[in-house]
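Undergrad: Got a structure for you, questions after.
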Amino acid sequence: MSMYSHGAVAADGLLFFRHFSKLSWLPAYGVRSLLQARRLSLSRLTAGKTPSVKESIEKVAIPGLDMVTYGERMHFVPGLSKPVWPQWERYYKDPKHFRSPSTQEMPLYHDTPCYVFNERTSALEGVRQALWLTKSKAVSGLPPHLLSLAKNPANKIPNQENCVQKAIKHAHFWDTTQERPVKYSNTLLFNLYHLCATLHSSHPLIGRRMLAEKYLLTASWKRGKNLFQVRGQSGLKYCGMDPIPRISGKQQVLETANHALETFYPVSPTVDLQKVHVYKDQVNCTGFRGQYFYPHAHTLYFLEGYDSRCRLRPEQFRAKMIMFLFGNALAQAHNLFGVWLDEDAELYDFVKVRPLFFKKKPKKQLKVPDGLAGYNSATFTKFLALFLHGAA
């Protein structure tokens with residue numbers, strides 16, 4: 001007996017259940033036993049031993065012996081070997097099916113590795129590791145003749161202190177959509193840059209400079225038997241048409257020849273650097289092609305925490321600054337003018353958008369007022385000194 005239905009109906013001790021489009025009948029007392037038997041059979045399979053993995057048979061090539069395959073018959077034949085077809089290649093280049101050659105087959109492959117430092121490299125030993133890699137000596141503080149430029153009353157910006165504080169408040173209060181913006185943003189840097197550029201009337205050489213961003217730097221050098229490279233985007237580069245005056249004297253440079261670099265054994269100097277075998281040997285590129293009108297590097301500006309995907313600690317961030325400063329100087333062939341780094345200098349302590357109160361009865365008490373707090377004018381003096389270097 002069979003019938004068509006869309007459900008199950010129990011009547012007169014018979015149960016009709018759906019089986020695709022047709023329904024068959026079965027005694028109602030036999031359904032449960034069938035289900036139990038099915039579950040028991042499944043539990044036996046799942047609780048049993050795992051099936052043994054078939055061992056792959058190693059193919060042995062015997063010289064002078066050709067395998068009999070079913071390739072000529074154009075269909076599978078039991079007992080005959082599977083033919084090995086040659087790889088089919090298109091007569092045209094299809095980017096969707098491009099297969100990169102192996103590393104050893106690439107034209108720029110070298111047996112000797114190259115150690116690369118990029119903008120996201122976090123040096124384990126920080127400044128000590130960067131000084132060892134670049135064979136440099138760290139001297140704290142800015143040169144006195146640079147600071148004298150900003151302290152000269154003739155180079156003062158009219159109403160300088162209020163203008164700098166206004167630039168800080170503009171970056172935090174007016175030109176941001178974040179609830180808690182970063183301390184030193186790109187807006188603040190441009191505000192300070194435009195504020196210093198107001199001295200163009202008294203220093204005409206400022207008009208022969210500009211800011212460049214998102215340029216790709218590549219610099220190569222050897223340290224012993226190892227080859228090192230600095231690659232990537234370092235930050236904003238203040239460059240000009242004319243080279244800047246020499247900062248360090250020849251005698252000061254010669255005195256660093258006997259300086260002993262600090263070691264950090266047993267940590268390897270290349271512990272965090274990317275090891276590559278495909279690279280261009282001895283390549284130095286400033287990031288600008290052709291006859292660039294502003295070829296001379298002046299100052300590099302780094303924004304800490306600007307890249308949300310890579311946040312470096314202060315010691316590792318300073319190491320990044322040293323490496324890219326050295327790379328720019330090396331690529332520009334102006335390393336005789338010095339490569340140096342000043343210690344940390346905060347422009348201000350914090351900026352509060354809203355005041356902070358103590359919740360005490362009967363009235364609230366003010367804990368931290370809103371606005372700018374802890375402004376340090378000496379930091380902007382250094383910023384202005386670097387900006388005016390070579391323009392006064």
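The values are calculated or read from the model by the stated rules, or taken from the named source; none is laboratory data. Just so we're clear, the structure is a prediction, and the values are computed from it rather than from any experiment. Here Cβ is always computed from backbone atoms with ideal geometry, including for glycine, and neighbour counts include all displayed protein chains. To get the accessible areas, we keep the full protein, side chains included, count just its heavy atoms, and leave off ligands, DNA and RNA. Shrake-Rupley method; radii C 1.70, N 1.55, O 1.52, S 1.80 Å.
Undergrad: For region 334-362, give me each residue that is open to solvent by 80 Å² or more (accessible area, probe 1.4 Å), within 27 Å of the chain's Cα centre (by Cα) and modelled with pLDDT under 80.
TA: Within region 334-362, 343, 344 meet the criteria.
Matching residues to (1) hydroxyl-bearing (Ser, Thr, Tyr); (2) over 20 Å from residue 330 (Cβ atoms); (3) open to solvent by 90 Å² or more (accessible area, probe 1.4 Å); (4) assigned to a loop (DSSP other than H, G, I, E, B):
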residue: 92; (1), (2), (3), (4): yes, yes, yes, yes
residue: 101; (1), (2), (3), (4): no, yes, no, yes
residue: 107; (1), (2), (3), (4): no, yes, yes, yes
residue: 114; (1), (2), (3), (4): no, no, no, no
residue: 146; (1), (2), (3), (4): no, yes, no, no
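Undergrad: Would you pick out the residues in region 210-246 that are touching an Asp or Glu at 6+ places or on another chain (Cβ under 9 Å) and either open to solvent by less than 30 Å² (accessible area, probe 1.4 Å) or of a type in the set (Ser, Thr, Tyr) (or both)?
TA: Once the filter is applied, which keeps residues that are touching an Asp or Glu at 6+ places or on another chain (Cβ under 9 Å) and either open to solvent by less than 30 Å² (accessible area, probe 1.4 Å) or of a type in the set (Ser, Thr, Tyr) (or both), region 210-246 yields 220, 227, 232, 234, 235, 236, 237.
Undergrad: When residue 311 is evaluated against the numbered criteria (1) modelled with pLDDT of 85 or more; (2) loosely packed, with under 14 Cβ neighbours inside 10 Å; (3) part of a loop (DSSP other than H, G, I, E, B); (4) within 23 Å of the chain's Cα centre (by Cα), which criterion, by number, is the only one it fails?
TA: The failed condition is (1).
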